[in-house]
Amino acid sequence: MTYSKEQVLNALKNVIDPDLKKDLVSLNMISDINVDENKNISFTVTLTTPACPLKESIKKACIEAVHEFVDKDANVTVNMSSKVTSKRPQEEEFLKGVKNIIAVASGKGGVGKSTIAANLAIALSNLGSKVGLIDADIYGPSIPVMFGLENAHPEIIEINEKPKMVPIEKYGIKVLSIGFFVDPNQALVWRGPMASSALTQLFRDGDWGELDYLVIDLPPGTGDIHLTLVQTVPVTGVVIVSTPQKVALADARKGVSMFQEQAIKVPVLGLIENMSYFTPEELPNNKYYIFGKDGCKNLAEEINVPFLGPIPLVQGIRESGDAGRPIATDPKSPVTLAFIEIAQKVAQQVAIRNETMQPTKIVEVNH
Ligand SMILES: Nc1ncnc2c1ncn2[C@@H]1O[C@H](COP(=O)(O)OP(=O)(O)O)[C@@H](O)[C@H]1O
Ligand SMILES: [Mg+2]
């Protein structure tokens, strides 16, 4: 005898996605069910992100459910696939193909925001997603140096009679920075409105195409550029970077409250702790907590946002950034693994946010 597809579907209703807290059938994750008379059963599970850290455990749970509810002797083949979800409002005119916009912010400068943004983008791409990166630090763009793109000049093309900037592609990431359009030796003195309109252009006039994640590297603090960002695009969520040091944490807290403000309401995907500890090369088992221990983890618990993980203070992170090749491009570095784990957590939080919350609204400008 053969089984019915419905039996398989009913069995899979017992598998709950631990993040989204619903069963795989209700989440529309099951497709392509095939059964035959030789007790072979196969189907596809489409997860919400290729970076899903729960991939193996979900696969195992599916096989167990079929064995329990259909037949303990069935030969089960599960094809794991993924499609990044989106909660973008339909009516927008630009960035149509971009599924999720992730801002990387901090309170204090110099805590490693750009370093995290660059390596996070690369880690997400290594996990199989299409990724873009906007350097929104209009006053001190550092992405061109970190990507070795100091002399890059994006091509301008015409699409529907409108000029569009083609992002530069490097290490699998589509990149645009205001640094591509100004002399790197000149101080960037912008008046507020000029800086804002420069940022808007990177969004509006960039030929971004289809992306799963567009990462935005913000300037420090909570200024004009942050307001322009939330007034220009619906930000899926923000990641806050801090060191474990008291003064940095105090500013990180301000950053979080700005995005959580009633008028802005951008979901906070979590905190990343940078420069968590230092390990000297000659003493690989020693960890020195130069800036204090567990600062971000404790803050995350206190303000009830996810802790996305630590990144150590490592000479190679600084060197690779200065050399124009972020460390996450090196598959042999242990730091790459730390960035992969953080990228998985970020993707997981985006998926949860898309399943459980309303789309972010663009903040209205009040004059
Ligand atoms: N985890 C780290 N280990 C070593 N150096 C780091 C680390 N994170 C950042 N840096 C270095 O610190 C400096 C400031 O980092 P950056 O990412 O530019 O900070 P921000 O964007 O917050 O101003 C850079 O020179 C960078 O290479
Ligand atoms: Mg920076």
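Details
- Subset of segment 163-180 [assigned to a strand (DSSP E or B) and touching a residue at least 24 places away in the same chain (Cβ under 8 Å)]: Pro163, Lys164, Met165, Ile173, Lys174, Val175, Leu176, Ser177
- Flag if Val235 is assigned to a loop (DSSP other than H, G, I, E, B), at pLDDT 90 or above and either within 20 Å of Thr115 (Cβ to Cβ) or open to solvent by less than 20 Å² (accessible area, probe 1.4 Å) (or both): yes
- From the options Met275, Met258, residue that is more than 17 Å from Glu364 (Cα to Cα) and not small (Gly, Ala, Ser): Met275
- Condition met for Val15 (among the aliphatic types (A, V, I, L, M), open to solvent by less than 20 Å² (accessible area, probe 1.4 Å) and touching a Lys or Arg at 6+ places or on another chain (Cβ under 7 Å)): no
- Of residues in segment 110-160 being assigned to a loop (DSSP other than H, G, I, E, B) and of a type in the set (S, T, N, Q), the one nearest to ligand 2 (Cβ to nearest atom): Ser142
- Taking segment 282-367 as the region of interest, the helices (runs of 4 or more DSSP H) fully inside it that hold 2 or more residues being open to solvent by 30 Å² or more (accessible area, probe 1.4 Å) and more than 16 Å from ligand 1 (Cβ to nearest atom) are 295-303, 334-356.
- Inclusion of Val314 among residues that are touching a residue at least 12 places away in the same chain (Cβ under 8 Å), of a type in the set (Val, Ile, Thr), away from ligand 2 (no atom under 16 Å from the Cβ) and closer than 24 Å to Leu227 by Cα is not warranted.
Yes/no per residue for (1) within 16 Å of ligand 1 (Cβ to nearest atom); (2) more than 13 Å from the chain's Cα centre (by Cα); (3) within 21 Å of Gly237 (Cα to Cα):
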residue	(1), (2), (3)
Leu133	yes, no, yes
Val145	yes, yes, no
His153	no, yes, no
Val166	no, yes, no
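- Among the residues of segment 238-255, none is identified as under 17 Å from the mean Cα position of the chain (by Cα) and surrounded by fewer than 23 Cβ atoms within 10 Å (Cβ to Cβ).
- All positions within segment 114-130 that are closer than 16 Å to Val241 by Cα and within 10 Å of the chain's Cα centre (by Cα): Ala117, Leu120, Ala121
- Residues in segment 209-232 that are away from ligand 2 (no atom under 15 Å from the Cβ), crowded, with 23+ Cβ neighbours inside 10 Å and not in a helix (DSSP H, G or I): Asp212, Tyr213, Leu214.
- A single entry from Gly148, Gly132 fulfils the requirement of being modelled with pLDDT of 95 or more and over 23 Å from Lys99 (Cα atoms): Gly148.
- Of all positions in segment 181-198, none carries a residue that is aliphatic (A, V, I, L, M), at pLDDT below 95 and either part of a strand (DSSP E or B) or closer than 30 Å to Gly309 by Cβ (or both).
The values are calculated or read from the model by the stated rules, or taken from the named source; none is laboratory data. Here the structure is a predicted model, which means the values were calculated and not measured. Cβ coordinates were reconstructed from backbone atoms using ideal geometry, including for glycine residues, and neighbour counts include every protein chain displayed. Just the protein is used for accessible areas: all its heavy atoms, side chains included, with ligands, DNA and RNA removed. Shrake-Rupley method; radii C 1.70, N 1.55, O 1.52, S 1.80 Å.
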